[in-house]
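The values are calculated or read from the model by the stated rules, or taken from the named source; none is laboratory data. All values derive from a computational prediction rather than experimental measurement. No Cβ is skipped: glycine too gets one built from the backbone with ideal geometry, and neighbour counts run over all protein chains shown.
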Ligand SMILES: Cc1ncc(COP(=O)(O)O)c(C=O)c1O
């Protein structure tokens, strides 16, 4: 049976492919340091696990409301109102299985063939995949390493057209760890306010940052709440990637559309995980603080080690748990280098070009791994780097 034509336009995430290749190598006895996958290596905090167990015992094992349990939506609305300094209520919140459905559903509800969508490049591969899948036109905007991997605002402004329906922002960013400075966000909001477009603000890494101030949300700018979909969730902040729970905060007309897509696809998000998510939000946040502190320690140590390797240059990331190293100095393409690092050095990492054409010349390393493993990875890369310098000298 022939698949629908649209399936030719849908993409994948290379992190999962590299994981499979790395596991294949391990099965042959090779040791691999895993720096490819984007998830905290910490366990889910015990208070959340306990809350889920309690919920199972109490019988939270049935269907619930499509939009999410009212108590959880209340907790999310109050959390978002506090952290983004805006007034939102539970009627603006959709609870869904992970952060990803807040890309999938609103894009499905809004985009038509010919609409243009602006998004960061390098960026989370699902943005481009979904834009193309829906027949809309991808308009990638390069991120500038010298600007801490933020946009050139002139390029962004020039890319806006009457057909621009959506602008995707992601700060802190995957794959670069970059943050968009508040003044840039305010300038972007100014461009968006007098245009008929919606901003999809992917804030899944909102709690993982190393700057003095938290990342600034475009929804905070007066007038922007009505034009913004905030994507956030529990996967990264609370090390809950396998629980599949996330949420979106958006204008009510979009809530209705997302509810319809949810009822057609999932009915609802699992009830006991939603009960656990309430505990995640309202209980003390010590586990998040400790995790971020540990990520900071690893970031500092790993980036320092990478910067000592000939051919590597790594900007210190302001958030998330990714180091996005410029590897042009090695003289190798980033796919060739990522393959070499996996196969010859046993370091699993991602080719920057898997995040878009402007990612060529970079490698993404996830530092969600122990200091010991990170130092071992740096040692292995250093060792193999001697080989490419010998080749270059020939
Ligand atoms: C930028 C970005 N947005 C969204 C997601 C999706 O998160 P979730 O696992 O909650 O679906 C990820 C996960 O890697 C991400 O990196």
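The figures follow:
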read-out: Tabulated pairs, the stretch 123-134, first within 22 Å of residue 38 (Cα to Cα), second modelled with pLDDT under 95 and near the ligand (Cβ under 9 Å from one of its atoms), C-beta under 7 angstrom, 6+ apart or interchain; value: 125/13; 126/13
read-out: Extreme residue, nearest to the ligand (Cβ to nearest atom), among residues of the stretch 211-245 that are in a strand (DSSP E or B) and in contact with a helix residue (DSSP H, G or I) (Cβ under 6 Å, 6 or more places away or on another chain); value: 231
read-out: Selection within the stretch 208-231 - surrounded by fewer than 17 Cβ atoms within 10 Å (Cβ to Cβ) and closer than 23 Å to residue 317 by Cα; value: 211, 212, 213, 214
read-out: Given (1) part of a loop (DSSP other than H, G, I, E, B); (2) away from the ligand (no atom under 13 Å from the Cβ); (3) surrounded by fewer than 19 Cβ atoms within 10 Å (Cβ to Cβ); (4) at negative phi, index of the condition residue 64 fails; value: (3)
read-out: Qualifying residue in the stretch 93-104 (condition: in contact (Cβ under 8 Å) with a residue 24 or more places away in the chain, touching a helix residue (DSSP H, G or I) at 6+ places or on another chain (Cβ under 7 Å) and more than 16 Å from the ligand (Cβ to nearest atom)); value: no
read-out: Residue list for the stretch 70-92, filter: surrounded by fewer than 22 Cβ atoms within 10 Å (Cβ to Cβ), part of a helix (DSSP H, G or I) and in contact (Cβ under 8 Å) with a residue 60 or more places away in the chain; value: 71, 75, 77, 79, 83, 91
read-out: Residues that are surrounded by fewer than 18 Cβ atoms within 10 Å (Cβ to Cβ) and without any contact (Cβ under 8 Å) to a residue 40 or more places away in the chain, drawn from the stretch 138-149; value: 138, 144, 146, 147
read-out: Residue in the stretch 264-274 that is within 15 Å of the ligand (Cβ to nearest atom), part of a helix (DSSP H, G or I) and touching a strand residue (DSSP E or B) at 6+ places or on another chain (Cβ under 8 Å) present; value: yes
read-out: Complete set of residues in the stretch 350-380 that are surrounded by fewer than 19 Cβ atoms within 10 Å (Cβ to Cβ) and within 15 Å of residue 14 (Cα to Cα); value: 357, 360
read-out: Yes/no for residue 192 being away from the ligand (no atom under 16 Å from the Cβ), touching a strand residue (DSSP E or B) at 6+ places or on another chain (Cβ under 9 Å) and either closer than 29 Å to residue 364 by Cβ or without any contact (Cβ under 8 Å) to a residue 24 or more places away in the chain (or both); value: yes
read-out: Selection within the stretch 154-173 - within 10 Å of the ligand (Cβ to nearest atom) and over 19 Å from residue 132 (Cβ atoms); value: 171, 172, 173
read-out: Residue check, residue 116 buried (at least 18 other Cβ atoms within 10 Å of the Cβ), away from the ligand (no atom under 15 Å from the Cβ) and at pLDDT 95 or above; value: yes
read-out: Count of residues meeting criterion [in contact with a strand residue (DSSP E or B) (Cβ under 8 Å, 6 or more places away or on another chain), more than 10 Å from the ligand (Cβ to nearest atom) and either more than 18 Å from residue 108 (Cα to Cα) or not in a loop (DSSP other than H, G, I, E, B) (or both)] in the stretch 246-259; value: 6
read-out: Residues (touching a helix residue (DSSP H, G or I) at 6+ places or on another chain (Cβ under 6 Å) and assigned to a helix (DSSP H, G or I)) located in the stretch 7-58; value: 9, 14, 47, 48, 51, 52, 55, 56
